[in-house]
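The values are calculated or read from the model by the stated rules, or taken from the named source; none is laboratory data. Everything numeric here is computed off the predicted structure, so don't read it as measured data. Every residue, glycine as well, gets a Cβ built from its backbone with ideal geometry; the counts of neighbours run over all protein chains shown. Calculation scope for accessible area: heavy atoms of the full protein, side chains included, ligands and nucleic acids excluded. Shrake-Rupley method; radii C 1.70, N 1.55, O 1.52, S 1.80 Å.
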Amino acid sequence: MKKTLVALGFAAATMLPTMATADDYVIDTSGAHASINFKVPHLGYSFIKGRFNNFDGEFSYDPANLAASTVVVNIDTTSLDSNHAERDKHLRSGDFINASKFSTATFKSTSVEDNGDGSITINGDLTLHGKTNPISIAANFIGAGSDPWGGYRAGFEGTTRLELKDYDIAVMGPSSYVDLELHVEGIRK
């Protein structure tokens, strides 16, 4: 029995250095190096673009084992900003996202897939307007490296489309969806 335990201990000790672990990052929102942008059709004639000014999040990233990577993002829906105060008030109202009742949207990844072509798919659950649905984000790794302040950073971009009806958000005219464009730069903890 003692020899078995010693052998198992030795096997574990020799394997640990070769096992990669994910690095943990905090999304750099204080330095404005990340953004959550949206584009929604307006009555089928044009598009309205905007962003959420306030959000936070973290991710774990292991380039050698993307499946071990995770993402969590919290969005302050009251920070919706389309660069038009009256429209923003209407979009935040009960007619649309009801930000006073549902002030936080949350994304939590459930899996990260390597697509084999340099792109990745981040699957997860998005809770918005009191409803939780699975979504997939088409993402790309931009780069990683040391920054001028002694830290280490990693950056990604991604896109996804949300069907408004999936979140019980009102639709005006033929505008049934919103496209999200995500830019994320994280600082390694």
*Roughly how many Å² is the accessible area per residue of the range 70-189, as a whole number, for a 1.4 Å probe?*
54 Å²
*Specify which labelled value, from [x] 162; [y] 110; [z] 125, agrees with volume of the Cα convex hull per residue in Å³ derived from the coordinates of the model shown.*
[x]
*Nearest-ten-degree value, helix 2-15 long axis tilted from longest Cα axis of the chain*: 50 degrees
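Past 23 Å, Cα to Cα: identify those pairs from Lys101/Lys189; Lys39/Lys189; Lys39/Lys165; Lys101/Lys165, in the order given.
Lys101/Lys189; Lys39/Lys189
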_Debye log10 I(q)/I(0) for the range 128-176, one point scatterer per Cα, at q = 0.14, 0.22 Å⁻¹_ = -0.58, -0.84
*asked:* Can you give me the distance in nm between label points at Tyr152 and Ser100, each placed 7 Å from the Cα along the Cα-to-Cβ direction?
replied: 4.7 nm
*Percent of accessible area on the chain owned by carbon and sulfur, 1.4 Å probe?*
55 percent
_Net lengthening on full extension, Ser82/His183 (0.36 nm per residue, minus Cα-Cα)_ = 34.6 nm
*Identify the trypsin sites (Lys or Arg not before Pro) of the range 40-123 meeting these criteria: DSSP loop state and at most 12 other C-beta atoms within 10 Å of the C-beta.*
Lys101
*Sum of -39500 (n - 2.57) over DSSP H runs of 4+, divided by residues of the chain (222 nm, nearest 500)*: -3500 deg cm²/dmol
*If we count every other residue with Cβ under 11 angstrom of His42's Cβ, Lys/Arg +1 and Asp/Glu -1, where does the sum land?*
+3
*Near Val26, within a Cβ-to-Cβ distance under 9 Å, what is the net charge of the other residues, with Lys and Arg +1 and Asp and Glu -1?*
-2
